[in-house]
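Colleague: Just passing along the structure, written as structure tokens.
Since every read-out is calculated from the coordinates, none of them should be taken as a lab result. Remember, predicted model here, so these are calculated numbers, not experimental data. So basically every Cβ, Gly included, is an ideal-geometry build from the backbone, and we count neighbours across all protein chains shown.
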């Protein structure tokens, strides 16, 4: 008789961050979220991806994005940009966008997935776009990274709850 191990296996959950070109905001947010997920001991249960609504395939993260995350101990050098696809949207359990315009783009591409698309700021009770630092100074990138880290931390209980991981070491902060 074969042992049924399915109840002991966890279904991998996927968080998808989306911005415009997938070289600044969404890769930084994804890398920061991966770090936080690992700190919580959830790296075997949650994967984090990023993509862009106007991304060209195969570009690295912007130099300033790599620099500001390296200052935080996060390595972004291996990032390769990718465009949002139906496959990425279908496999994602939650899609976190940087701007309302990104949500509209997903509406036109795949309206059936809109129920799982949120502004990152919505996870912490706000409803603001996150400004794109592309082409701006290192300080602008540092401010964006700080904003992303703060939004991820503030929204993490709600994000984990949406993934069905409510009791994942964050206490009762919801």
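Colleague: Can you sort 77, 72 by how many other beta carbons sit within 10 Å, fewest first?
Modeller: Values: 77 9, 72 15.
Fewest to most other Cβ atoms nearby, the residues stand as 77, 72.
Colleague: Among 29, 55, 90, determine the one that fluctuates most according to a GNM of the chain built with springs between C-alpha atoms less than 10 Å apart.
Modeller: 90
Colleague: Oh, and also: Under the rule of -39500 (n - 2.57) per DSSP H run of 4 or more residues, summed and divided by the residues of the chain, what mean residue ellipticity at 222 nm is obtained, to the nearest 500 deg cm²/dmol? All intermediate terms of the calculation are to be shown ahead of the outcome.
Modeller: Details: 5 runs with 64 residues, N = 174.
Here the helix-only value at 222 nm equals -11500 deg cm²/dmol.
Colleague: Quick check on segment 31-117: take the gyration tensor over C-alpha atoms, sort the square-rooted eigenvalues as a ≥ b ≥ c, and tell me if it's rounded (a/c under 1.5), prolate or oblate.
Modeller: Values: a/c = 2.18, a/b = 1.38, b/c = 1.59.
Oblate, since a/c reaches 1.5 and b/c is not below a/b.
Colleague: For the pair residue 161 and residue 71, what calculated FRET efficiency results from E = 1/(1 + (r/R0)^6), where r is the Cβ-Cβ distance and R0 = 25 Å, to the nearest 0.05?
Modeller: Numbers: r = 31 Å, r/R0 = 1.23.
In this case the efficiency is close to 0.20.
Colleague: Could you work out the relative contact order of segment 12-162, using alpha carbon pairs under 8 angstrom and six or more residues apart, expressed as a whole percent?
Modeller: On the way: 283 pairs, mean separation 40.6, N = 151.
So the answer I get is 27 percent.
Colleague: Taking neighbour counts of Cβ atoms within 10 Å as a proxy for exposure, in what order, fewest first, do 108, 134 appear?
Modeller: Working: 108 8, 134 17.
In increasing order of surrounding Cβ atoms, one gets 108, 134.
Colleague: Please report, largest first and rounded to whole Å, the three semi-axes of the ellipsoid equivalent to segment 12-162, where each semi-axis is the square root of five times an eigenvalue of the C-alpha gyration tensor. Write out the running numbers ahead of the final one.
Modeller: Numbers: eigenvalues 84, 63, 45 Å².
Semi-axes from the Cα gyration tensor: 21, 18, 15 Å.
Colleague: Quickly work out the residue 101-to-residue 83 label distance, labels modelled 7 Å from Cα along the C-beta direction, and quote it in nm with one decimal.
Modeller: That separation, rounded to one decimal, is 1.8 nm.
Colleague: How would you rank 42, 165, 16, going from fewest to most other Cβ atoms within 10 Å of each one's own Cβ? Kindly include the intermediate steps, with their values, before the conclusion.
Modeller: Details: 42 17, 165 20, 16 24.
Neighbour counts put them in this order, fewest first: 42, 165, 16.
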